[in-house]
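One structure is given below, encoded as structure tokens.
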Ligand code: DC
């Protein structure tokens, strides 16, 4: 009955119909491929999709999450990455490792002339143990050492130096080339992964972010003063968004998500929903 309903009377007819549909799909796909290659050769972004995919480039899915310090990017991104089986990459850790190296070398992290000569002495790598990112600085695991307030400020200092940004750029792109990633930072959607299939700019009021950071520090048993945390956040916001190179700002095609007043669970659910609706995963 169901065959008749669609105007197909027998299984032989159904088979013919399927072959015809498959052939038609293949022809349509070939035409799209041809158009995309022509667009690519002409150096024009193809309206049918990412041309680099067609010419054998990255087939990976990239989700860029940018935003100011303390907006909850890392925790939210890590959770969503776990849920969809993507690698979560925290690019701030790379800047922190360079900041730590500068501090240990007794150098002012904001002094470009002093930091630049240090770069050839730095070898950084990211390792992923059960999906958890570890940062190795010249072979030493500094994942814990880079989480102090001094290193936060040093990271912000070195991140304004163009040579440092160039130094870390290819490292970030290399990881994305061979992985489905959720990458968080300040310039992921604007500079590092401008072709990311989904770009989010996660933000919250400075007071909200300071309150969360303050609670985190207290939880870890570290001494904290709310006003000092708030002042730190405001200063880093200013530095990160006023630097000349790759300043913190939403990409024109980024979706801005304000998590002020939301719990972590609500923010994770919101982002998970956006990923599902946009990318179908
Ligand atoms: O995300 P975070 O707080 O760990 O980042 C530390 C500093 O590194 C932050 O002040 C800005 C800088 N940063 C950057 O400039 N670009 C990135 N992609 C990531 C971090």
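Here are the numbers:
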{"item": "From the options 113, 196, 154, 176, residue that is at pLDDT 95 or above, more than 16 Å from the ligand (Cβ to nearest atom) and either surrounded by 15 or more Cβ atoms within 10 Å (Cβ to Cβ) or in a helix (DSSP H, G or I) (or both)", "result": "113"}
{"item": "Restricting the range 199-229 to residues that are surrounded by fewer than 19 Cβ atoms within 10 Å (Cβ to Cβ) and not in a helix (DSSP H, G or I), the residue that is modelled with the highest pLDDT", "result": "205"}
{"item": "Test: residue in the range 230-253 that is more than 16 Å from the ligand (Cβ to nearest atom), modelled with pLDDT of 95 or more, in contact with a helix residue (DSSP H, G or I) (Cβ under 8 Å, 6 or more places away or on another chain) and outside any strand (DSSP E or B)", "result": "yes"}
{"item": "Any hit, the range 92-100, residues being surrounded by 14 or more Cβ atoms within 10 Å (Cβ to Cβ), at pLDDT below 95 and closer than 24 Å to residue 165 by Cβ", "result": "no"}
{"item": "Test: residue in the range 161-171 that is touching a strand residue (DSSP E or B) at 6+ places or on another chain (Cβ under 7 Å) and in contact (Cβ under 8 Å) with a residue 60 or more places away in the chain", "result": "yes"}
{"item": "Qualifying residue in the range 74-95 (condition: out of contact with any strand residue (DSSP E or B) (no Cβ under 7 Å at 6 or more places or on another chain), in contact (Cβ under 8 Å) with a residue 40 or more places away in the chain, assigned to a loop (DSSP other than H, G, I, E, B) and within 16 Å of the ligand (Cβ to nearest atom))", "result": "no"}
{"item": "All positions within the range 132-151 that are away from the ligand (no atom under 12 Å from the Cβ) and either surrounded by 22 or more Cβ atoms within 10 Å (Cβ to Cβ) or in a strand (DSSP E or B) (or both)", "result": "132, 134, 136, 137, 140, 141"}
{"item": "Those residues of the range 157-173 which are surrounded by 18 or more Cβ atoms within 10 Å (Cβ to Cβ) and either assigned to a helix (DSSP H, G or I) or within 18 Å of the chain's Cα centre (by Cα) (or both), in sequence order", "result": "157, 158, 159, 164, 165, 167, 168, 172"}
{"item": "Residue, modelled with the highest pLDDT, within the range 254-267, restricted to residues that are touching a helix residue (DSSP H, G or I) at 6+ places or on another chain (Cβ under 7 Å) and in a helix (DSSP H, G or I)", "result": "267"}
{"item": "Scope the range 157-166; condition over 30 Å from residue 225 (Cα atoms) and within 12 Å of the ligand (Cβ to nearest atom); matching residues", "result": "162, 164, 165"}
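The values are calculated or read from the model by the stated rules, or taken from the named source; none is laboratory data. As the structure is a computational prediction, the values presented were derived from the model and not from experiment. No Cβ is skipped: glycine too gets one built from the backbone with ideal geometry, and neighbour counts run over all protein chains shown.
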